[in-house]
Structures are given as structure tokens and as C-alpha cells.
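Here is the structure we will look at, set down as C-alpha cells.
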Amino acid sequence: MSSKSITGTGGAGRAGDKVFSGITLLAGCLILLVLFSVAVFLLWQALPTFMADGSDISGGEGFLTYIWPLVIGTVIAAAIALLIATPVGIGVALFISHYAPRRIAQPLGYLVDLLAAIPSVVYGAWGMTVLAPALVGPYTWLAENAGWIPIFAGPASQTGKTMLTAGIVLSVMVLPIITSLTREIFLQTPKLHEEAALAMGATRWEMIRMAVFPFARPGVVSAVMLGLGRALGETMAVALVLSSGGLIASLIRPGNQTIAAEIALNFPEAYGLRLSELIAAGLVLFLITLAVNIIARWIIGRHKEFSGAN
């Protein structure tokens with residue numbers, strides 16, 4: 001091959017690199033532009049709420065009094081979902097990646113991925129028609145036998161549409177996300193690490209604890225935070241399975257509300273200052289989600305050097 005043809009090929013390659021670099025830079029800038037545009041839109045539309053008199057806001061005591069119970073309800077629902085879905089998701093991911101035979105692991109993995117594709121309204125309909133009625137009996141038992149605990153204080157809901165039910169439905173929704181991502185991360189553990197642990201006489205569980213978990217820790221945190229983002233912003237499922245009301249401590253009584261469900265239920269008929277209130281609530285949810293992602297990145301960065309991934 002002549003030097004001229006080599007030079008021509010190198011020039012074309014450099015041109016292709018520049019084009020590809022420009023496209024990726026444009027894509028990155030576009031994401032930042034969209035995020036900035038959403039933030040500006042929410043802030044601009046929410047300004048009338050922040051400038052209005054407190055007596056004109058829903059509840060008559062100002063925006064902070066209005067939004068605070070919604071923030072607490074959103075956090076409670078997401079926390080319930082993560083408390084249930086995280087250990088189950090990690091356990092299922094471990095079973096698929098390290099314990100299940102191949103003929104079982106592969107179909108089970110496909111099934112978990114399929115669950116992630118089910119629309120939220122289907123989960124909400126299932127929770128409303130199947131799960132909520134089935135939980136009326138357990139809620140009554142909890143109110144009678146553990147009612148001295150504030151979160152189980154009675155009288156229990158006779159429809160089953162409570163914050164605990166909403167949290168359970170959300171846990172089912174975020175479970176495929178946590179399981180799928182965690183499974184893939186577990187499978188990326190270097191085989192040399194696993195074989196070295198086993199060669200030193202470790203049991204399978206000890207190998208997982210010493211080799212798999214340290215390597216996968218940042219990825220597991222990312223998967224949980226992604227599930228948390230889904231739980232924080234979920235709308236239709238919560239709206240269908242929760243009998244909304246004022247903020248209360250009990251999880252088995254009708255009451256409480258989340259920001260996303262509040263917006264979904266009231267937005268179609270809102271106008272004027274009420275519409276601005278709902279957009280301001282959306283801004284608060286946007287900031288909560290942003291804060292969650294920042295905290296997640298900080299946690300991942302703090303533990304990455306100890307993960308074994310490097």
C-alpha cells in the first residue's frame with residue numbers, strides 16, 4: 001500500500017473522528033439544554049404561587065404548608081417501595097446470576113425484563129382490584145394487634161387503598177429495574193476474583209460477600225437510586241390505589257398523598273393560581289429528584305475506589 005493511500009485513509013479517519021466528536025458533544029449539550037429548559041419553565045410558571053398571598057394558596061396557609069404533606073407522602077411511598085424491593089431485587093439478581101441453573105436463569109431473566117415493560121396503569125389497576133381488597137383483612141389484624149404502633153393505628157381502611165398499599169405496588173414496579181441492573185452488574189464481576197476466592201476455600205456465599213458485593217456496590221447503589229427515581233415520580237398507579245387525604249402517621253388508614261398523584265388528579269381542571277400551584281409542586285418534585293441523583297453520585301464516587309472495579 002502506497003504512502004499516499006495511507007495518508008488518505010488517515011485523513012478520512014481523522015475527519016470521521018471530528019464528526020463523531022461533534023455529534024457526541026451536541027448530544028451532551030442537548031441534554032443539558034433540555035434539563036435547563038425544563039427547570040426554567042417550571043420556575044417561571046411557578047412564580048405566581050411564590051409571589052401570591054398565603055391565604056390564596058390551597059389550604060389558606062401558604063405554599064410551604066400546602067406542599068410539605070405532599071413531600072412527606074412522596075418520600076414515605078418511595079421509602080416503602082425501596083425497603084421491599086431492594087432486598088428482594090438483590091436476592092433475585094443473585095439467584096439468577098450465581099445460583100440458578102442456566103436453563104432456569106435465562107427464562108427468569110427474560111421474565112424480570114418483561115415486568116419492567118408493563119405500563120404503570122396496569123399495575124395500578126391490579127393494585128386497585130386485586131391487591132387492595134386482599135389487604136383489608138391483614139390491615140384489620142394489624143390495627144387490632146399492633147395498633148399501638150403509630151404506623152398501624154386504626155381504624156383500618158375497609159377498601160385497602162392506603163399508603164402501604166401504594167408502597168407495595170410501587171415496590172413491584174421498581175423491582176424489575178433494580179433486579180435487571182443488579183443482575184447485569186453481578187455478572188460483570190471478574191471471574192478471576194471469584195475463582196481466586198473459591199480456590200482459597202471460600203464457600204459460594206463467602207465468595208459472593210468477598211468478591212461480588214465489593215465489586216458491584218456502586219452499581220447496586222445506582223440501580224436502587226434509579227428505582228427511587230421511578231418511585232418518586234410515579235403517578236397513575238398511586239392515584240388508583242391511594243385514597244388521598246391529609247397527612248397522617250398511619251399507613252393502613254385512608255389519607256396521605258404524593259406530589260405526582262396530586263398533580264395528575266387536579267391538573268385537568270386547574271387554572272389560574274391553582275395551575276401555578278401544581279406546577280410549583282412539580283418544581284419541588286424536580287428538585288427532589290435532582291437532589292437524589294446528586295446524593296447517589298456522591299455515594300458512588302465515595303465507594304468506587306473500594307469497589308474492586310478499578
Practice problem: Run the 1.4 Å probe and let me know the accessible area of Phe20, rounded to the nearest 10 Å². | Solution: 140
Quiz item: Taking the Cα centre of segment 167-310 as origin and charging only Cβ (+1 Lys, Arg; -1 Asp, Glu), how large is the dipole, in debye to the nearest 20?
Solution: 280
Quiz item: Once a ≥ b ≥ c are taken as the square roots of the eigenvalues of the Cα gyration tensor of segment 10-153, is the result rounded (a/c under 1.5), prolate (a/b larger than b/c) or oblate (a/b not larger than b/c)?
Solution: oblate
Quiz item: Shape of segment 23-63 from its Cα gyration tensor (a ≥ b ≥ c, root eigenvalues): rounded if a/c is under 1.5, otherwise prolate when a/b > b/c, or oblate?
Solution: prolate
Quiz item: Can you work out ³J(HN,Hα) from phi for every residue in segment 53-63, in order, using Karplus 6.51 cos²θ - 1.76 cosθ + 1.60 and θ = phi - 60°, giving whole Hz and x for Gly and Pro?
Solution: 5, x, 6, 8, 7, 3, x, x, 10, x, 5
Exercise. May I ask you to rank Tyr99, Tyr66, Tyr271 by accessible area, largest first, using a 1.4 Å probe over the protein chains only?
Key: Tyr271, Tyr99, Tyr66
Quiz item: Considering amide H positions built from the backbone, and no H for Pro or chain starts, which residues 5 or more places from Leu247, or on another chain, come under 5 Å of its amide H?
Solution: Asn256
Quiz prompt | Test item: Cα-centred dipole of segment 52-206, Lys/Arg +1 and Asp/Glu -1 on Cβ, debye | solution = 640
Quiz item: Hey, how many Å between the Cα centroid of segment 73-135 and the Cα centroid of segment 147-167?
Solution: 22
Practice problem: Compute the Cα gyration tensor for segment 91-193, then decide on rounded, prolate or oblate, letting a ≥ b ≥ c be the square roots of its eigenvalues: rounded whenever a/c is under 1.5, prolate when a/b is larger than b/c in the other cases, and oblate in all that remain. | Solution: prolate
Practice problem: Calculate the spin-label point distance for Ala264 paired with Glu206, positioning each point 7 Å from the Cα along the beta-carbon direction, and give it in nanometres. | Solution: 4.9
Exercise. Please work out how much length the chain gains when fully extended from Trp141 to Gln106, using 0.36 nm per residue of separation minus the C-alpha to C-alpha distance, in nm with one decimal.
Key: 8.6 nm
Self-check item: Computed [θ] at 222 nm, deg cm²/dmol, the chain (DSSP H ≥ 4; -39,500 (n - 2.57); rounded to nearest 500)
Solution: -23500 deg cm²/dmol
Quiz item: Tell me, what % of the accessible area of the chain is carbon and sulfur with a 1.4 angstrom probe?
Solution: 71
Quiz prompt | In sequence order, calculated HN-Hα J values of segment 102-119 (Karplus, 6.51, -1.76, 1.60; Hz; x Gly/Pro) | solution = 4, 5, 9, 4, 5, x, 5, x, 4, 5, 5, 4, 5, 4, 5, 8, 6, x
Practice problem: Please give the length that would be gained between Thr159 and Thr129 if that part of the chain were fully extended, namely 0.36 nm times their separation in residues minus their C-alpha to C-alpha distance (nm, one decimal). | Solution: 9.8 nm
Quiz item: Toward the positive end of the charge dipole of the chain, about the Cα centre and with charges on Cβ (Lys, Arg +1; Asp, Glu -1), which of Ala117, Val220, Ala249 goes farthest?
Solution: Val220
Quiz item: Using θ = phi - 60° and the Karplus form 6.51 cos²θ - 1.76 cosθ + 1.60, what ³J(HN,Hα) does each residue of segment 121-126 get, whole Hz, x for Gly and Pro?
Solution: 5, 5, 4, x, 5, 4
Quiz item: How high is the FRET efficiency from Glu184 to Asp56, r the C-beta distance, R0 35 Å, rounded to 0.05?
Solution: 0.10
Quiz item: To the nearest 20 debye, what charge dipole does the chain have about its Cα centre, counting +1 at the Cβ of each Lys and Arg and -1 at the Cβ of each Asp and Glu?
Solution: 1140
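The values are calculated or read from the model by the stated rules, or taken from the named source; none is laboratory data. Every value quoted in this text rests on a predicted model; they were computed, and no experiment measured them. Counting neighbours? That spans all protein chains shown, and the Cβs are built from the backbone with ideal geometry, glycine included. Just the protein is used for accessible areas: all its heavy atoms, side chains included, with ligands, DNA and RNA removed. Shrake-Rupley method; radii C 1.70, N 1.55, O 1.52, S 1.80 Å.
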